[in-house]
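Reviewing the structure listed below.
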Ligand SMILES: Nc1ncnc2c1ncn2[C@@H]1O[C@H](COP(=O)(O)OP(=O)(O)O)[C@@H](O)[C@H]1O
Ligand SMILES: [Mg+2]
């Protein structure tokens with residue numbers, strides 16, 4: 001009785017899938033992967049609470065002491081809260097990559113998307129893009145919260161806002177791309193988290209303390225130093241300019257991505 | 001159709017897969033057999049483009065797996081059932097797969113029903129038993145209705161019902177004309193399921209034949225006899241060139257003979273028999289004979305046949 005089904009000739013799955021469609025579908029899959037992981041929501045919540053919370057507190061501060069802050073743009077809240085909050089966003093981008101190695105999920109991922117370049121691009125765009133976009137929204141939220149809490153002391157000029165949010169987006173974008181690249185390169189959560197902390201927080205603060213010129217020069221070329229400079233204008237050292245900071249951050253992000261891509265494309269999936 | 005040509009994989013000093021060449025044909029269940037560490041998983045990983053071969057090629061329906069943009073329509077595979085994010089629900093895991101290959105989401109619910117995951121599909125995978133994870137992995141493999149399926153040790157962790165279900169599934173997939181490759185270190189299992197066997201040991205091809213051929217061509221037929229005159233029967237049989245040996249006071253084993261032959265001879269000599277039977281040659285024995293030289297992990301002390309058996313189990 002069992003009606004035997006015969007298997008038809010294949011049409012799909014063949015090499016002929018247009019790359020644009022493949023990329024779009026892989027991005028859709030990555031997006032589902034991202035929002036169905038609990039950790040994503042934790043990190044986003046942590047970043048939101050940090051930025052909006054600190055922005056509100058700063059707003060109340062300014063409101064209670066109108067003399068000194070009168071007429072200042074509330075957008076400053078976006079910049080100084082971005083510094084601590086970025087760690088949650090960097091961790092989010094990084095774990096999106098490394099947790100797949102920890103759980104072995106990279107094996108099914110590559111079974112479903114064997115073109116590794118496509119998987120790399122989609123995962124990078126979705127992880128870094130989501131973290132950056134969320135960060136910019138939280139920065140907006142922090143500024144508005146600060147403005148409301150301080151009413152009517154602070155202002156919210158649009159042109160300044162565009163400039164500030166652009167800077168925040170650049171810093172978060174480069175940072176999360178660096179994190180994603182390191183994740184693909186090291187494949188290990190602890191190792192890449194430590195590396196990110198060293199590059200963004202520890203070394204930029206530590207190296208200049210020794211007082212050797214060359215160590216300070218090294219610190220000036222670290223992504224953490226440049227992120228801090230772009231966001232809050234510190235530290236003021238002759239070696240750090242806006243251009244040098246932008247170039248340095250792009251360089252770090254690009255280097256990490258290229259190395260991470262090479263490891264993904266060349267090596268065995270997860271050994 | 002899967003074509004493997006000169007496939008070799010070296011991890012440092014370990015030659016995990018050594019110049020394998022074989023075909024896996026459509027419409028059949030092909031069993032991929034070998035003791036633990038023989039290189040089955042490594043071979044399948046190379047077929048799926050996960051590990052780079054040191055040399056050689058594996059092509060699936062005419063092209064390397066990595067050339068497929070959306071392979072689920074063509075090739076479905078279950079490798080390591082544990083390799084999934086434990087926090088995700090089974091259904092969400094399958095939704096990611098469906099999205100990545102442009103498969104409609106209602107197909108996800110279909111395969112969930114097909115593998116019998118049911119309501120568990122909406123719970124996080126961390127609460128799944130190994131058997132449920134195997135079913136989830138099989139669901140993912142079947143999602144795109146592929147013409148080629150590869151299962152690496154799918155029986156592991158399944159209860160009796162599950163084992164029976166897998167057997168029927170493999171049979172049906174092959175009867176539908178699909179190419180089915182299923183690995184196992186359990187001979188008894190493959191004896192029941194596989195039409196064809198590719199046997200490897202230490203990364204090398206040991207046998208590539210139908211299950212029948214393997215059973216028939218290997219080892220030798222034996223007959224078990226119980227009699228009141230064992231000594232007389234042994235000497236008479238040996239005169240006939242049939243090696244026989246005493247097992248105990250009343251029982252003997254006759255080599256290279258059938259029960260009919262031994263029964264007729266005993267009758268002609270007037271020797272009374274109380275028991276007469278052919279010993280079934282099992283694939284288990286055949287496999288042990290095939291691979292006894294190539295088992296990688298012998299017991300710590302020495303390599304008696306019993307220990308080889310333990311390893312292969
Ligand atoms: N990443 C690796 N590094 C070193 N050796 C490995 C690696 N993966 C597998 N091996 C070795 O390759 C051999 C074959 O392993 P595997 O393919 O898992 O065998 P099977 O699946 O038949 O049990 C084993 O000796 C194993 O130890
Ligand atoms: Mg294995």
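Can you show me the helix-derived [θ] at 222 nm for chain B, built from DSSP H runs with n ≥ 4 at -39,500 (n - 2.57) apiece and divided by the number of residues, rounded to the nearest 500.
Details: 11 runs with 109 residues, N = 313.
Computed mean residue ellipticity for chain B: -10000 deg cm²/dmol.
Rounded, prolate or oblate: which one fits the stretch B:74-161, using the alpha carbon gyration tensor with axes a ≥ b ≥ c (rounded when a/c is under 1.5, else prolate when a/b beats b/c, else oblate)?
Numbers: a/c = 1.55, a/b = 1.14, b/c = 1.37.
Oblate is the answer for the stretch B:74-161, as a/c is 1.5 or above yet b/c matches or exceeds a/b.
Whole Å is fine, so just give me how far the alpha carbon centre of the stretch B:57-88 lies from that of the stretch A:188-228.
So the two Cα centres are separated by 41 Å.
Pairing the Cα long axis of helix B:259-269 with the longest principal axis of chain B, what angle in degrees results, from 0 to 90 and rounded to the nearest 10?
Around 0 degrees separate the two axes.
Need the C-alpha centroid separation for the stretch B:90-147 versus the stretch B:205-276, integer Å.
Taking the Cα centre of each part, the stretch B:90-147 and the stretch B:205-276 sit 52 Å apart.
Compare A:247, A:17, A:171 in a GNM of chain A, Cα atoms joined below 10 Å, and give the one with the largest fluctuation.
Among A:247, A:17, A:171, the largest GNM mean-square fluctuation belongs to A:17.
Give me the tail of P(r) for chain A as a percent: Cα-Cα pairs with distance above 29 Å.
Numbers: 15018 of 36585 pairs.
Across chain A, Cα pairs with separations above 29 Å total 41 percent.
Could you work out the Rg to Rh ratio of the stretch B:128-200, with Rh taken as the Kirkwood radius (inverse of the mean 1/r over all Cα pairs)? Please list the in-between numbers first.
Numbers: Rg = 11.8 Å, Rh = 12.6 Å.
Looking at the stretch B:128-200, the ratio lands at 0.93.
Per the Kirkwood formula on distinct C-alpha pairs, the Rh of the stretch A:1-154 is how many angstrom? Can you show the working numbers first?
Details: mean 1/r = 0.0546 Å⁻¹.
With all distinct Cα pairs of the stretch A:1-154 included, I get 18.3 Å.
Starting from the Cα gyration tensor of the stretch B:87-240, take the square roots of the eigenvalues, sort them a ≥ b ≥ c, and report rounded, prolate or oblate (rounded when a/c is under 1.5, otherwise prolate if a/b is larger than b/c, else oblate). Could the numbers behind the result be given before it?
Numbers: a/c = 3.52, a/b = 2.54, b/c = 1.38.
Judged from the Cα gyration tensor, the stretch B:87-240 comes out prolate (a/c at least 1.5, a/b above b/c).
In degrees from 0 to 90, rounded to the nearest 10, what is the angle of the helix A:76-103 Cα long axis to the longest principal axis of chain A?
Between the helix axis and the principal axis of chain A, the angle is about 20 degrees.
Considering the Cα trace of the stretch B:218-278, what is its radius of gyration and what is Dmax, both in angstroms?
Looking at the stretch B:218-278, its Cα Rg and Dmax stand at 10.1, 33 Å.
Which whole number gives the average, over all residues in B:136-143, of C-beta atoms from other chains lying within 10 Å of the residue C-beta? Display every interim value, and only then the final one.
Values: counts 0, 1, 0, 0, 3, 2, 0, 1.
For peptide B:136-143, the averaged partner shielding equals 1.
Would you mind classifying the stretch A:111-213 by shape? Square roots of the alpha carbon gyration tensor eigenvalues, ordered a ≥ b ≥ c; an a/c under 1.5 is rounded, otherwise it is prolate if a/b is larger than b/c and oblate if not.
Values: a/c = 2.97, a/b = 1.36, b/c = 2.18.
In terms of gyration-tensor shape, oblate.
Report, for the protein assembly as shown, the % of DSSP beta bridges that are antiparallel, rounded to 5.
Numbers: 34 of 54 bridges.
Antiparallel bridges: around 65 percent, rounded to the nearest 5.
Give me the base-10 log of I(q)/I(0) for the protein assembly as shown at each q in 0.06, 0.12, 0.13 Å⁻¹, Debye formula, one uniform scatterer per Cα, rounded to two decimals.
-0.45, -1.14, -1.24
What is the ratio of the Cα radius of gyration of the stretch B:2-211 to 2.2 N^0.38 Å, with N the residue count, to two decimals?
Values: Rg = 16.4 Å, N = 210, 2.2 N^0.38 = 16.8 Å.
Compared with the compact-globule rule of thumb, the stretch B:2-211 sits at 0.98.
Just to be sure I understand: if I project the alpha-carbon convex hull of the stretch B:149-246 onto a plane and average over all orientations, what area do I get in nm²? Present the calculation step by step, with values, prior to reporting the outcome.
On the way: hull surface 39.9 nm².
Hull-based average projected area comes out at 10.0 nm².
Where is the GNM fluctuation largest for chain B (alpha-carbon springs, 10 angstrom cutoff): B:129, B:268, B:188?
Between B:129, B:268, B:188, it is B:268 that shows the largest mean-square fluctuation.
Two decimals, Cα atoms only, Kirkwood Rh: what is Rg/Rh over the stretch A:7-96? Spell out each step's value before the answer.
Details: Rg = 22.2 Å, Rh = 16.8 Å.
Here Rg/Rh amounts to 1.32.
Ignoring everything except DSSP H segments at least 4 long, calculate the 222 nm mean residue ellipticity for chain A; use -39,500 (n - 2.57) per segment, divide by total residues, nearest 500. Show your work: numbers first, answer last.
On the way: 12 runs with 203 residues, N = 271.
When only DSSP H runs of four or more count, the value is -25000 deg cm²/dmol.
For the stretch A:222-271, what Kirkwood radius comes out of the mean inverse Cα-Cα distance, in Å?
On the way: mean 1/r = 0.0810 Å⁻¹.
When all Cα pairs of the stretch A:222-271 are included, the Kirkwood radius is 12.3 Å.
Compute the Rg to Rh ratio over the stretch B:1-56 from the alpha carbon atoms, using the Kirkwood formula for Rh, and round to two decimal places. Provide the component values of the computation, followed by the final result.
Working: Rg = 11.3 Å, Rh = 11.7 Å.
My calculation puts Rg/Rh at 0.96.
To the nearest 10 degrees, how steep is helix A:116-150 against the longest Cα principal axis of chain A, on a 0 to 90 scale?
Relative to chain A, helix A:116-150 is tipped by roughly 30 degrees.
Quick note: the coordinates plus some simple rules give every number you see, no bench work behind them. Just so you know, these numbers come straight off a predicted model, no measurement behind them. Note: ideal-geometry Cβ built from the backbone for every residue, glycine included; neighbour counts use all protein chains shown.
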